[in-house]
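To keep things clear, I will list the structure first and then write my remarks on it.
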Amino acid sequence: MGRLLSIDYGTKRTGIAITDELQLIASGLTTVGTYELLPFLKNYFASETVDLIIVGEPTQKDGTPSQVEEEIKKFLIKFSEEIPNIPIKRVDERYTSKMAFQTMIDSGLNKKQRRNKALVDEISATIILQDYLYNKQ
């Protein structure tokens, strides 16, 4: 069984989270510059088996797509062309950044550590993946 990988896509940075091989536990993997996301993923897939990519679907409070959605769609087209053998599933990612920030507070990080936007993105990707794992049961 391969891993599941989630992506919290952003215009500047993208958070990535991964499961264990049994697909039970979600853990933050890293945050990469969005411009280097595809090369990073190709390199990761060369050494790890991934069964499914879960990509956050950002929406406004009223349910309409957020501004970054167009960029995500462009990335997904390019991803599917270059890596066609790994399926992609989209999931609602509303409030994950707020939940990630609260997680940072709850874990005792100080104000300076909480300003690390890369960490927020990685935690957001982990929350997206945890939510997917919980809801697929």
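The values are calculated or read from the model by the stated rules, or taken from the named source; none is laboratory data. A quick note: this is a predicted structure, and the numbers were derived from the prediction, not measured. Neighbour counts run over all protein chains shown; Cβ positions are idealised from the backbone, glycine included.
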- Task: Name the single residue, out of those in segment 1-43 being among the hydroxyl-bearing types (Ser, Thr, Tyr) and not in a strand (DSSP E or B), that is farthest from Tyr134 (Cα to Cα).
- Result: Tyr35
- Matching residues in segment 44-60 - criterion: being among the acidic types (Asp, Glu) and in a helix (DSSP H, G or I): none
- Message: Suppose we keep only residues that are part of a loop (DSSP other than H, G, I, E, B) and closer than 23 Å to Leu133 by Cα within segment 85-119. Which one would you say is modelled with the lowest pLDDT?
- Response: Tyr95
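Here is a yes/no grid of residues against (1) at pLDDT 95 or above; (2) among the β-branched types (Val, Ile, Thr):
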position	(1), (2)
Gly2	no, no
Gly10	no, no
Ile16	yes, yes
Glu36	yes, no
Ile53	yes, yes
Pro58	no, no
Ser66	no, no
Phe75	yes, no
Ser80	yes, no
- Which of the residues spanning segment 21-39 are of a type outside the set (S, T, N, Q), touching a strand residue (DSSP E or B) at 6+ places or on another chain (Cβ under 7 Å) and surrounded by fewer than 17 Cβ atoms within 10 Å (Cβ to Cβ)? Glu21, Ile25, Gly33
- Message: Looking only at segment 41-60, filter to residues that are touching a Ser or Thr at 6+ places or on another chain (Cβ under 8 Å) and surrounded by 12 or more Cβ atoms within 10 Å (Cβ to Cβ); which one of those is nearest to Ile83 (Cα to Cα)?
- Response: Ile53
